[in-house]
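Report on the structure given below.
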Amino acid sequence: MTPIRVLLAEDQEMIREALAALLSFEDDIEVVAQVGRGDEVTAAALASKPDVALLDIEMPGMDGLTAAAALSQASPGTKIVILTTFGRPGYLRRAMEAGASGFVVKDSPADRLARTIRQVLSGQRVIDPELAAAALSEGASPLTPRERDVLAASQDGATIAEIAAALYLSEGTVRNYLSACIQKTGARNRTEALRVAEERGWL
């Protein structure tokens, strides 16, 4: 039987090695590539031709959700499983939009990961049940893509002028977008709007 070829993308080396060791105990799974950055995922996948890619969300270079979208374009035959510490409903929606077939929270039982790999390869969609229920009850992100861009650009305390320059918008337009973000998140200011959006996985 040909083993299932797996690519592991996780920036914390200890966790990545632990996952690789865990999967090596499975007779039908082989880890064929490991990367620690999101912007290395596509190249590694094209070189190693995995059946399934396990992607962490929080990675340098490119986050796992953006990497998932890039990978599904470059290698549509590779199944994608998002593996994360952050069980946020908004992340689940974005993962599905990016082409992921599975979404597993890291504190799941070890045998669930191997089972998920087999299931997505057989064409199933596998989602942590509690997270799926939370995502359905919370609903979709109220932010438009442009509002999300503007709010994300304000993350490091950037001024209105800096955000406007970075996104090629007028300062008035940036103010309007930020105002909409504050209103839609029920926040009192943009710092609070940013926190709410991050907690719900809308960014």
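Database remark: amide H of MET62 closer than 5 angstrom to the amide H of GLY38, ASP39 (H placed geometrically; neighbours at sequence offset of 5 or more, or on other chains; Pro and chain starts carry no H). Looking at TYR168, THR84, GLN119, which one has the Cα that reaches farthest to the positive end of the dipole of segment 52-203 (charges on Cβ: Lys, Arg +1; Asp, Glu -1)? Ranked along the dipole, the leading option is GLN119. Each residue of segment 21-26 was assigned a 3J(HN,Hα) from its phi angle through the Karplus curve 6.51 cos²θ - 1.76 cosθ + 1.60 (θ = phi - 60°); the sequence is 5, 4, 6, 5, 6, 8 Hz, with glycine and proline shown as x.
Ordered by solvent-accessible area of protein heavy atoms (1.4 Å probe), largest first, the residues TYR91, TYR177 come out as TYR177, TYR91.
Leaving out ligands and nucleic acids, and using a 1.4 Å probe, what accessible area per residue does the chain come to in Å²?
Numbers: 10170 Å² over 203 residues.
Each residue of the chain exposes 50 Å² on average to a 1.4 Å probe.
Converting phi to 3J(HN,Hα) with the Karplus coefficients 6.51, -1.76 and 1.60 and the offset θ = phi - 60°, segment 180-189 yields 5, 5, 4, 5, 5, 8, x, 8, 9, 7 Hz in sequence order, with x at every glycine or proline.
Leaving out ligands, DNA and RNA, and with a 1.4 Å probe, what % of the accessible surface on the chain is carbon or sulfur?
Details: 5090 of 10170 Å².
Solvent-exposed carbon and sulfur of the chain make up 50 percent of the total.
Using Cα-Cα distances under 8 Å and only pairs 6 or more residues apart, what relative contact order does the chain have, in percent? Before the final figure, lay out the partial values.
Values: 324 pairs, mean separation 30.2, N = 203.
Once normalised by length, the contact order is 15 percent.
What residue among ALA44, ALA152, ALA74 has its Cα farthest toward the positive end of the dipole of the chain, where the charges are +1 on Lys, Arg and -1 on Asp, Glu, each on the Cβ? About the Cα centre, the residue reaching furthest to the positive side is ALA152. If you take the Cα centroid of segment 156-203 and the Cα centroid of segment 8-82, the two points sit 31 Å apart.
Partners of LYS49 within straight-line reach, counting lysines whose Cα lies under 20 Å from its Cα and excluding those fewer than 8 residues away in the same chain: LYS79.
If you put +1 on each Lys and Arg Cβ and -1 on each Asp and Glu Cβ, how big is the dipole of the chain around its Cα centre, in Debye rounded to 20? Write out the running numbers ahead of the final one.
Values: 21 positive and 28 negative charges, 145 e Å.
Using only the charged Cβ atoms, the result is roughly 700 debye.
Its alpha carbons give segment 8-69 an Rg and a Dmax of 11.1, 33 Å.
In the chain, helices alone account for a calculated mean residue ellipticity at 222 nm of -15000 deg cm²/dmol, with every DSSP H run of four or more residues adding -39,500 (n - 2.57).
The values are calculated or read from the model by the stated rules, or taken from the named source; none is laboratory data. If you're wondering where the values come from, they're calculated on a predicted model, not measured in any experiment. Note that we place each Cβ from the backbone using ideal geometry, even for glycine, and neighbour counts take in every protein chain shown. With ligands, DNA and RNA removed, areas are computed over all heavy atoms of the protein, side chains included. Shrake-Rupley method; radii C 1.70, N 1.55, O 1.52, S 1.80 Å.
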